[in-house]
Amino acid sequence: MTLPGKKKKIEATVINISEGGAFLQVDEPFKRGDLIGLRVFLDTEELQVNTEAEVVYESEENAYDENTISTVEGMETWVKRGGVRGIGVKFLTLSREERQFLKNVLQAVES
């Protein structure tokens, strides 16, 4: 992940991902509205999605329990109550092919 105009790469862990966005566990501070460059690796370097994204919310830290979340709204509510420190981002520049690729990967994982 990178911030526009900055060369520093920031490591993050994808906690939750959908076709429209993701929640990323990250130690760096971000603010709502920050724009970031994002490269998400799905299993290997050959399987990746590149996009610009907008920070739509940020959270503080505690523990992550995947059994407590079933929707994006549920994730946002849980995070705001003190879940993982990280950011919720909305994908801005996914191509149609990347969006379809991500959809296919997510469907394969759910199966």
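Values as computed for the structure displayed
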quantity: Hits in region 57-111 (condition: farther than 22 Å from Asp27 by Cα, modelled with pLDDT of 85 or more and hydroxyl-bearing (Ser, Thr, Tyr)); calculated: Thr93, Ser95
quantity: Candidate set from region 25-36 (those that are modelled with pLDDT of 90 or more and part of a strand (DSSP E or B)); member that is nearest to Val105 (Cα to Cα); calculated: Ile36
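Each row is one residue, and each column tells you yes or no for (1) surrounded by 13 or more Cβ atoms within 10 Å (Cβ to Cβ); (2) among the small types (Gly, Ala, Ser); (3) at negative phi.
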site: Ala12; (1), (2), (3): yes, yes, yes
site: Ser18; (1), (2), (3): yes, yes, yes
site: Val26; (1), (2), (3): yes, no, yes
site: Pro29; (1), (2), (3): no, no, yes
site: Gly33; (1), (2), (3): no, yes, no
site: Ile36; (1), (2), (3): yes, no, yes
site: Val40; (1), (2), (3): yes, no, yes
site: Val49; (1), (2), (3): yes, no, yes
site: Glu52; (1), (2), (3): yes, no, yes
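The values are calculated or read from the model by the stated rules, or taken from the named source; none is laboratory data. Please read these numbers as outputs of a predicted model, since none were measured by experiment. Please note: Cβ atoms are built from the backbone with ideal geometry, for glycine as well, and neighbour counts cover all protein chains shown.
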